[in-house]
Amino acid sequence: MSAVLFVTGGAGFIGSSFVLQEVARGSRVITLDALTYAGNLANLSALRDSENHVFVHGKIGDGALVASLLATHRPDAIVHFAAESHVDRSIHSAASFVETNVVGSFRLLEAARAYWSTLDAEAAARFRFVHVSTDEVYGSLEPDDPPFCETTAYAPNSPYAASKAASDHFARAAFHTHGLPVIITHCSNNYGPRQFPEKLIPLMILNAVERKPLPVYGDGRNVRDWIYVGDHCEALGAIVRDGRPGEVYDVGGGAEMANIEVVHRICDLVDEFVPDARGPRRALVSFVADRPGHDRRYAIDSAKIRRELGWTPRETFDSGLRRTVRWYLEHPTWVAEVRSGDYRRWIELNYGARGGGRT
Ligand code: NAD
Ligand code: DAU
């Protein structure tokens, strides 16, 4: 089914993958993005001439702008990705996380509710507000704990996770109090093309290619459950179309792995694609000071979305990582552009005081 979708944060990593997927599927998409350091119009360059895509530069917290966009484009669904998304940045300074993730999300929900109240009965029943959240709201698992699922209690540990948890609660309340057809999703760690290279996988790929140190926090045994970004977006597409209002869906890749193993696999792939006589990239691993409050393990039980919506990830971690490494090697201009300016300042701020080799 084609639809009109209002997508926030659509110039970021996951949002752009979703926008590209949905326009290819025949939907008309209106993207609202503030183009922070993490937002990049180049991520949507394939849609420059598309009649089915409209890009608007602006903030989710700008109620007047959002109200006018909703009244003009009359979307069938809002898919809300826009956020400050990096745990390490939230440790250095959390104010922008509260402003965007909490206050911005609240204002967006209010604008959505006002628009929804103008719809006729059929359109109102069809309307969806999909709030894209994270498994980090559940806190940290012990090695033998069962994976997170939709009924796991909230226990956010980082300022980022706390801000996402707060927005989840406002989204839930909008359904329970006002009947806005909200669906909340919690996904595990995404990786794939167009991810800003401050996150583990792209950072390690680019450093390995350039033979820079590979800064692994702590003992490298923290575990994440990795999912290819295209699989997450397929899940969100299924949720927009067939998800039940008021429900929560947890989405994971079923690929739990310790960080050091992820880094070793990246090294081996870069060695394969870009052979170097100086020797294996694994030798570049540099253990550095740990992230404060570093969650030990995340894992997701996706049984509900698999059972109810028939979703299943297509990529294994091996196939997805291979595609991802190849993408970064084949897009040097994209890489050069995002690594200028603010990126250099961030690397200095985050890694300057950690010790180990310089990145
Ligand atoms: P990202 O940082 O790559 O992109 C965020 C986008 O939001 C950027 O384009 C940015 O410009 C935009 N944005 C920021 N503030 C804005 C504002 N006030 N108004 C409008 N746009 C604004 O993030 P991502 O990794 O693509 O994550 C997208 C969403 O998915 C986030 O809500 C995140 O919490 C959630 N999530 C991410 C992951 C992951 O592994 N990356 C996993 C689960 C859930
Ligand atoms: O679980 C979902 C979350 O995954 C999302 O909600 C977040 O938006 C997303 O950023 C991601 O959070 P993480 O903190 O897990 O991702 P990050 O890539 O920053 O780190 C992954 C792991 O790698 C984590 O255990 C910290 C470690 N790490 C990270 C960096 C940047 C390192 O060891 N070295 C590094 O330089």
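Taking the Cα centre of the chain as the origin and placing charges on Cβ (Lys, Arg +1; Asp, Glu -1), which of Cys149, Thr134, Leu41 is farthest toward the positive end of the dipole?
Going by the Cα projections, it comes out as Leu41.
Among Met257, Gly279, Ala299, pick out the residue whose Cα is farthest towards the positive end of the charge dipole of segment 248-305, where Lys and Arg carry +1 and Asp and Glu carry -1 on C-beta, about the Cα centre.
The listed residue farthest towards the positive side: Gly279.
Within the chain, what is the number of lysine pairs with alpha carbons under 23 Å apart, leaving out pairs fewer than eight places apart on the same chain?
Lysine pairs meeting the criterion: 4.
To the nearest 20 debye, what is the magnitude of the charge dipole of segment 178-222 about its Cα centre, counting +1 on the Cβ of each Lys and Arg and -1 on the Cβ of each Asp and Glu?
Computed charge dipole of segment 178-222: roughly 100 debye.
Taking the 0 to 90 degree range and rounding to the nearest ten, how far is the long axis of helix 259-273 tilted relative to the main principal axis of the chain, both from C-alpha atoms?
Approximately 70 degrees, to the nearest ten.
To the nearest 10 degrees, how steeply does helix 63-73 sit against the main Cα axis of the chain, on a 0 to 90 scale?
70
When the Karplus curve 6.51 cos²θ - 1.76 cosθ + 1.60 is applied with θ = phi - 60°, which whole-Hz ³J(HN,Hα) does each residue of segment 20-25 get, with x for Gly and Pro?
Going residue by residue, I get 4, 4, 6, 5, 4, 7 Hz, with x marking Gly and Pro.
With an 8 Å cut-off on Cα pairs and a minimum separation of 6 or more residues, tell me the relative contact order of the chain in percent.
For the chain, the relative contact order is 17 percent.
Would you work out the charge dipole size for segment 91-141 about its Cα centre, treating the Cβ of every Lys and Arg as +1 and the Cβ of every Asp and Glu as -1, and quote it to the nearest 20 debye?
100
State in Å² the accessible area per residue of the chain; use a 1.4 Å probe, count heavy atoms of protein chains only, and round to the nearest integer.
41
Summing Lys, Arg as +1 and Asp, Glu as -1, what charge do residues with Cβ under 11 Å from the Cβ of Pro75 carry, Pro75 excluded?
Charge balance near Pro75 sits at +3.
Mind computing the radius of gyration and Dmax over the alpha-carbon atoms of the chain? Å is fine for both.
Computed over the Cα atoms of the chain, radius of gyration and Dmax are 19.9, 67 Å.
Would you please put 25-38, 336-349 in order of how densely packed they are, using the mean number of other Cβ atoms within 10 angstrom per residue and starting with the highest?
Going by the mean number of other Cβ atoms within 10 Å, highest first, we get 25-38, 336-349.
Tell me the carbon and sulfur percent of the accessible area for segment 167-266, rounded to whole percent, probe radius 1.4 Å.
It is 50 percent, rounded to a whole number.
With every protein chain present, what accessible area does Asp88 have (1.4 Å probe, heavy atoms only), rounded to the nearest 10 Å²?
0
Treating the angle as unsigned and between 0 and 90°, give the value, to the nearest 10°, between the Cα long axis of helix 159-178 and the longest Cα principal axis of the chain.
Long axis of 159-178 versus the principal axis of the chain: about 20 degrees.
Treating only the Cβ of Lys, Arg, Asp and Glu as charged (+1, +1, -1, -1), what charge dipole size does the chain show about its Cα centre? Round to the nearest 20 debye.
Charge dipole of the chain: 580 debye, to the nearest 20.
The values are calculated or read from the model by the stated rules, or taken from the named source; none is laboratory data. The model shown is predicted, which means the values in this text are computed figures rather than measured ones. As a convention, Cβ positions derive from the backbone with ideal geometry for all residues, glycine included, and neighbour counts pool all protein chains shown. Each accessible area value is taken on the protein alone, full model and side chains, heavy atoms only, with ligands, DNA and RNA left out. Shrake-Rupley method; radii C 1.70, N 1.55, O 1.52, S 1.80 Å.
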